[in-house]
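First comes the structure, then the notes that go with it.
Bear in mind these aren't lab numbers, they're just calculated from the coordinates by the rules spelled out. These figures come from a predicted structure and were not determined experimentally. Cβ: placed from backbone, ideal geometry, glycine included. Neighbour counts: every protein chain shown.
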Amino acid sequence: MNTTPRLNWFKLVPNSFEAMLAVSGSIESSTIGKVLMDLVFTRVSQINGCAYCLDMHVRDLRKQGEGWQRINSVATWREVSLFDARERAALDWAESLTRLADHHDEREAEFEALKAQFSDVEIAELTLAIAQINTWNRMNVAMRMPVAVKALD
């Protein structure tokens, strides 16, 4: 497998990179909470195969005190009882918006589950965050952003 970076895109298009950082910064101030956001970012990064973002968000979850069992179960969240209704609704929405072509017309049940757990503002924030992590994933996968080899605790 070739892990040599393709292009240093953030230096080639610095205005766009800065704009993406600004959007990410606005997401940080969301009322949704950092742990839930990082669970969503982890799941989207798993689906998209973005090693760089997956590594980053797993490390962020560990820094926030998340245990390995929940982190390791993000990919199988439907099969375990480790996630509450709010987390499940967010993870389901994240998967749906990441896999847009799948079941394009069947998002109503997912949205209703989301509405039961989140305010309209939170839904908009979460949806923007999902779109943003998908963008980061696509850029980092396309440009082969390398993962630093360092131990996880």
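Would you call VAL141 more than 16 Å from HIS57 (Cα to Cα), surrounded by 11 or more Cβ atoms within 10 Å (Cβ to Cβ) and among the β-branched types (Val, Ile, Thr)? It is false that VAL141 is more than 16 Å from HIS57 (Cα to Cα), surrounded by 11 or more Cβ atoms within 10 Å (Cβ to Cβ) and among the β-branched types (Val, Ile, Thr).
Within the stretch 32-59, work out how many residues are of a type in the set (Ser, Thr, Tyr) and either farther than 17 Å from ALA89 by Cα or without any contact (Cβ under 8 Å) to a residue 12 or more places away in the chain (or both). Before the answer, list the steps.
Of the residues in the stretch 32-59, the ones of a type in the set (Ser, Thr, Tyr) are 42, 45, 52.
Okay, now just the ones that are also either farther than 17 Å from ALA89 by Cα or without any contact (Cβ under 8 Å) to a residue 12 or more places away in the chain (or both), so 45, 52.
Count: 2.
Working only within the stretch 49-72, note down all residues that are more than 12 Å from the chain's Cα centre (by Cα), part of a loop (DSSP other than H, G, I, E, B) and surrounded by fewer than 16 Cβ atoms within 10 Å (Cβ to Cβ). Scanning the stretch 49-72 gives GLN64, GLY65, GLY67. Consider the stretch 89-106 and keep the residues that are closer than 23 Å to GLY49 by Cβ and surrounded by fewer than 16 Cβ atoms within 10 Å (Cβ to Cβ). The one that is nearest to the chain's Cα centre (by Cα) is ARG99.
Of all residues in the stretch 9-31, exactly one satisfies the criterion of being over 14 Å from ALA131 (Cβ atoms), surrounded by 14 or more Cβ atoms within 10 Å (Cβ to Cβ) and touching a residue at least 40 places away in the same chain (Cβ under 8 Å), namely TRP9.
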